[in-house]
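Pasting in a structure now, in structure tokens, and then I'll have a few things to ask.
Bear in mind that the values in this text are calculations on the coordinates, not laboratory data. Please read these numbers as outputs of a predicted model, since none were measured by experiment. Every residue, glycine among them, receives a Cβ derived from its backbone with ideal geometry; neighbour counts consider all protein chains shown.
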Amino acid sequence: MNKALELSGIALVALVALALSACAQQKLAPSVGMANPASVYCGEIGGQVRMEKTPQGQEGICVLPNGTEMEEWTLYRKDHPAK
């Protein structure tokens, strides 16, 4: 009888520990905190970024002061070619 009581006590402690661990907060991965270089460049040259939804996701469009619209990474790569 004592052995059965001891095993049920151990099982109860394990069950409580499992239940409490499920309630613990999950730690979120730290954010990088780094701005999108293409968006920053758009602003530096006087443009404004407009976000558009596409079938592939979201796309940033840089609207330049003269009215020209260009995808922000296309503009960035055009003005910053690989060396």
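Restricting attention to region 53-71, report how many residues are within 13 Å of TYR41 (Cβ to Cβ) and within 19 Å of the chain's Cα centre (by Cα).
Looking only at region 53-71, we keep the residues that are within 13 Å of TYR41 (Cβ to Cβ), and these are 60, 62, 64, 70-71.
Next, from what is left, pick out any that are within 19 Å of the chain's Cα centre (by Cα): 60.
Matching residues across region 53-71 total 1.
Any residue in region 32-49 that is touching a residue at least 12 places away in the same chain (Cβ under 8 Å) sitting within a Cβ distance under 6 Å of a residue that is in a loop (DSSP other than H, G, I, E, B)? List the pairs, counting only those 6 or more apart or interchain.
Taking only residues 6 or more apart or on different chains, the pairs are GLY46/PRO65; GLY47/LEU64.
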